[in-house]
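Taken together, the values in this text are just the output of simple stated rules run on the coordinates, not laboratory data. In this text the structure is predicted, and so the values were computed from the model without any measurement. A quick note on method: Cβ atoms are made from the backbone with ideal geometry, for glycine too, and the neighbour counts reach across all protein chains shown.
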Amino acid sequence: MEESTSREKVLKKVRNALLSKSENPFPSLDLESPVYVIPDDTPDVTFAQEFSKVSGKFIYCEDENDLKANLNQLIKENKWKNIFCLDPDLQIILDQAGISYAKDETTFIDMDLGITSCEFLIARLGSIMISSRQTSGRRLNVFPESHIVVARTSQIVPDIKDALKKIQEKYGSNIPSLISLITGPSRTADIEKTLVMGAHGPKQLFLFLIDEG
């Protein structure tokens, strides 16, 4: 009974508060202006700067031929042998570049490097938006020790809201079951305040950006 009485008292206070309208104590408060400062640089430059701040490794490519050359060089430098790629468009590029890769999921566990595309690049955060509707699925973004994402300048958007709007335009009512952001390599400092890279995903994250002019 006492509990019911206490509940009624709380509800009565809520009702009274809703009925009695009070004046806005901050009438001059600006709720329309952007919260974040709009960068002076172009979106591609802003993305590259922010991506580098979160320990991502940014590689600019003038065209697809430049992409092939840069991929070959990076793979040789890191001596990656077990490369995995499921994206048909990227597979064509890898074939043209003479880069060997696996697409049989029985060899998934042995890979050193995963190569994927993405949905969009968010300039303000330096983040990469991915979804479960991509050919690479969910695992290829988190499983390999090193992860290469290939994107184009047309995929860069200013902020998250712009990326989500484009996701809606792209998929309509059939929105992907997973939409996520990758912001730099995986890291954690939960254990004794010591920063550990690659705790929940790749230790290294590379972004190859193809300039579409």
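Two decimals is fine: what's Rg over Rh for the stretch 24-140, C-alpha atoms, Kirkwood radius as Rh?
On the way: Rg = 19.3 Å, Rh = 17.0 Å.
Rounded to two decimals, Rg/Rh equals 1.13.
Past 23 Å, Cα to Cα: identify those pairs from K53/K103; K53/K193; K57/K166; K161/K193; K68/K103; K81/K103, in the order given. Could you put the intermediate results ahead of the total?
Numbers: K53/K103 32 Å; K53/K193 20 Å; K57/K166 25 Å; K161/K193 33 Å; K68/K103 19 Å; K81/K103 14 Å.
Beyond 23 Å: K53/K103; K57/K166; K161/K193.
Quick check: residue separation of Q96 and V10 times 0.36 nm, minus the Cα distance between them. What number comes out in nm?
Here the answer is 24.0 nm.
In straight Cα distance, which aspartates and glutamates are under 17 Å from K203, not counting same-chain residues fewer than 8 positions off?
Result set, ordered by chain and number: E77, D110, D112, E145, D190.
So how compact is the chain: Cα radius of gyration and Dmax in angstrom?
For the chain, the Cα-based Rg and Dmax read 23.3, 78 Å.
Over the chain, what is the relative contact order in percent, taking alpha-carbon pairs closer than 8 angstrom and at least six residues apart?
Dividing the mean separation by the residue count of the chain yields 24 percent.
With springs only between Cα atoms under 10 Å apart, run a GNM on the chain and tell me which of E50, E169, E64 wobbles the most.
E169
Provide the FRET efficiency to the nearest 0.05 for the R138-E32 pair, computing r from the beta carbons and using R0 = 35 Å.
E(calc), rounded to 0.05, equals 0.40.
Counting only DSSP beta bridges with both residues in the chain, what percent are antiparallel, rounded to the nearest 5?
30
Convert each backbone phi in the stretch 36-41 into a coupling constant with the Karplus relation 6.51 cos²θ - 1.76 cosθ + 1.60 (shift: θ = phi - 60°), then list the ³J(HN,Hα) values in order as whole Hz, x for Gly and Pro.
The phi angles translate into 9, 6, 6, x, 7, 6 Hz.
Would you mind checking which residues have amide H under 5 Å from R152's amide H? H placed 1.01 Å from N; only 5 or more apart, or other chain.
I210
Just tell me which aspartates and glutamates come within less than 20 Å, Cα to Cα, of K165; anything on the same chain fewer than 8 places away is out.
Straight-distance partners of K165: E32, D44, E119.
Please check: in the Gaussian network model of the chain (C-alpha springs, under 10 Å), which one of L90, L19, L181 has the largest mean-square fluctuation.
Fluctuation is largest for L19.
Straight distance only, please: which lysines reach the Cα of K13 with their own Cα at less than 26 Å, same-chain residues fewer than 8 apart left out?
K21
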